[in-house]
Amino acid sequence: MNPLRFRRLTINGKFLTARPTGVHRVADQLIRQIVLNQGLLDGVFATSPAIVAPRSAPDGTQGVHVERYGRLRGQLWEQMDLPRAARSDLLLNLCNLGPVALGSAITMIHDAQVFITPQSYSFAFRTWYKTILPLIGQRHRRILTVSHFSAEQLTRAGVADAERISVIHNGVDHVLAYPRAPEIIERLSLARRRFVVALSSTQAHKNIKVLLDAFSSPELGDIKLVLFGGHDRGDFERLSYNVPANVVFAGPVTDGELRSLFEAALCVAFPSTTEGFGLPPLEGMALGCPAIVAPCGALPEVAGQGALYAAADNPREWIEAIRSLAASPPFWLERSAMGVAQAANFTWRKAGTDLCNVIRLVAEDR
């Protein structure tokens with residue numbers, strides 16, 4: 001029998017010290033799956049997996065021991081302290097970045113947005129990512145990403161060769177475990193099936209302007225647009241966007257509140273001009289909320305025939321798609337069922353199995 005090549009699987013825990021984002025939620029779900037799928041890694045490592053994190057980190061994902069190491073913070077910790085802690089290990093980075101100095105690593109890069117739509121990011125952010133991602137792609141043993149579209153874009157951007165990238169689609173079944181919080185419907189004065197849910201973001205590629213233009217039409221005057229997330233009316237108005245009176249800003253919402261919004265909404269609208277995956281519309285679909293998306297980025301790959309499509313630059317198409325759902329309850333039910341069926345293809349169990357198989361292949365150098 002060949003000797004074990006790595007002491008253990010070490011997971012980069014820098015994300016535990018940061019404000020939670022969608023990328024961090026993916027990391028949390030995948031770490032849980034590593035615990036549940038330990039049998040797939042039997043005989044590969046000498047000891048159980050561990051999360052290595054800065055000293056300020058709270059406890060991590062249930063079932064995985066957290067080791068706090070080093071004196072630095074943030075990117076300096078990741079580039080200087082983490083390589084020393086993981087020098088005998090196979091390092092798993094699940095949140096886009098990892099230490100360049102350590103080649104024995106697997107890194108998940110969720111998308112190539114910084115190359116596709118650099119205007120969505122600050123100068124410092126895009127400069128750092130454009131510098132470090134190709135270095136990671138060249139140095140680390142394997143690159144993971146969340147869609148075939150992202151894999152193609154990372155290859156096109158020169159981050160990594162296609163044969164060194166593995167696609168692991170996100171799961172979506174986590175939304176089925178969220179406890180409902182229906183109070184948000186009354187708090188926002190919403191009527192069931194008379195509002196559309198969308199993400200509140202001023203990033204250029206999120207393309208919320210096309211929805212604001214659509215809801216400026218009298219044809220949608222009896223339907224509200226509910227935007228959830230960190231950006232408010234003032235943020236959009238400072239960009240000279242016209243924000244019509246039937247737009248409601250929900251602000252940041254809890255998981256339970258988001259579930260209740262999806263379950264009561266007419267549909268979820270997602271007009272992004274590019275996406276590495278596109279989790280919100282799939283979350284809505286899993287809960288029976290029909291989705292209207294732009295035919296861009298990974299959205300067709302993920303939403304498939306379970307969603308309606310409207311051009312990213314055509315408010316008229318969004319108006320017509322929304323009205324088609326509002327005008328026909330039988331059509332709404334049909335689209336709801338199609339969305340549920342499509343979302344069922346994306347589970348964290350499958351993502352975890354795919355991830356553990358990649359880890360084993362890399363650890364055994366096959």
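Summary value for the stretch 252-366: 24 percent relative contact order, contacts being C-alpha pairs under 8 angstrom separated by 6+ residues. What shape does the stretch 189-331 have by the C-alpha gyration tensor, where a ≥ b ≥ c are the square roots of the eigenvalues, rounded means a/c under 1.5, and otherwise prolate means a/b greater than b/c and oblate the rest? It is rounded, given that a/c, with a ≥ b ≥ c, falls under 1.5. Distance distribution note for the stretch 273-366: the fraction of Cα pairs above 18 angstrom is 53%. Electrostatic tally near Lys224: other residues with Cβ closer than 15 Å to its Cβ, Lys and Arg +1, Asp and Glu -1, net +3. Within the accessible surface of the stretch 135-258, defined with a 1.4 Å probe on protein heavy atoms only, the carbon and sulfur portion equals 50 percent. Under 26 Å of direct C-alpha separation, and excluding same-chain neighbours fewer than eight residues apart, Lys14 reaches these lysines: Lys130, Lys350.
Spatially, the stretch 238-257 and the stretch 290-366 are offset by 23 Å when compared through their Cα centroids. With protein chains left intact and a 1.4 Å probe, residues in the stretch 255-305 average 18 Å² of accessible area per residue.
Across the stretch 207-273, C-alpha contacts under 8 Å between residues 6 or more apart give a mean separation that, scaled by the residue count, equals a relative contact order of 39 percent. Cross-link partners of Lys209 among lysines, defined as those whose alpha carbon lies under 23 angstrom from its own and excluding same-chain residues fewer than eight positions apart: Lys224. To the nearest 10 degrees, how steeply does helix 315-327 sit against the main Cα axis of the chain, on a 0 to 90 scale? The two axes meet at around 70 degrees. Solvent-accessible surface of the stretch 169-213, averaged per residue with a 1.4 angstrom probe and all protein chains in place: 46 square angstrom. For the chain, the spread of Cα coordinates along the three principal axes comes to 69, 41, 37 Å, biggest extent given first.
Principal-axis analysis of the Cα atoms of the chain puts helix 123-139 at an angle of about 50° to the longest axis. The simple Förster model, with R0 at 30 Å and r as the Cβ-Cβ distance, assigns Thr21 and Asp161 a FRET efficiency of 0.60. Principal-axis analysis of the Cα atoms of the chain puts helix 348-363 at an angle of about 30° to the longest axis.
Summarising the overall dimensions of the stretch 96-231 from its C-alpha atoms, the Rg and Dmax are 19.7, 58 angstrom. Within the stretch 187-262, the percentage of alpha carbon pairs spaced more than 18 angstrom apart rounds to 36%. Taking the protein heavy atoms of the stretch 1-90 in the context of the full set of protein chains, the accessible area attributed to carbon and sulfur is 50 percent at 1.4 Å. Between Phe123 and Glu67, how high is the FRET efficiency from 1/(1 + (r/R0)^6) when r is the Cβ-Cβ distance and R₀ = 25 Å? Nearest 0.05. After rounding to 0.05, the efficiency reads 0.10. For Gln38 and Leu333, a Förster radius of 45 Å and the Cβ-Cβ distance give a FRET efficiency of 0.60, rounded to the nearest 0.05.
Scalar couplings 3J(HN,Hα) for the stretch 296-305, obtained by applying the Karplus form with A = 6.51, B = -1.76, C = 1.60 to θ = phi - 60°, are 10, x, 8, 4, x, 5, 8, 7, x, 7 Hz; x denotes Gly and Pro. Relative contact order, whole percent, for the chain stands at 16, derived from Cα pairs under 8 Å and 6 or more residues apart. Across the stretch 176-189, rounded Karplus estimates of 3J(HN,Hα) from the backbone phi angles (6.51 cos²θ - 1.76 cosθ + 1.60, θ = phi - 60°) give 6, 9, 5, x, 5, 9, x, 4, 5, 5, 5, 4, 8, 6 Hz, Gly and Pro being marked x.
Using a probe of 1.4 angstrom and keeping all protein chains present, the accessible surface of the stretch 106-148 works out to 42 square angstrom per residue. Using just its DSSP H runs of length 4 or more, each adding -39500 (n - 2.57), the chain gives a mean residue ellipticity at 222 nm of -10500 deg cm²/dmol after division by all residues. For the stretch 1-151, take the alpha-carbon Rg, divide it by the Kirkwood Rh, and send me Rg/Rh. So for the stretch 1-151, dividing Rg by the Kirkwood Rh gives 0.96.
The values are calculated or read from the model by the stated rules, or taken from the named source; none is laboratory data. Model, not experiment: these values are computed from the prediction. Virtual Cβ from ideal backbone geometry, glycine too; neighbours counted across all protein chains shown. For accessibility, only protein heavy atoms count, side chains too; no ligands or nucleic acids. Shrake-Rupley method; radii C 1.70, N 1.55, O 1.52, S 1.80 Å.
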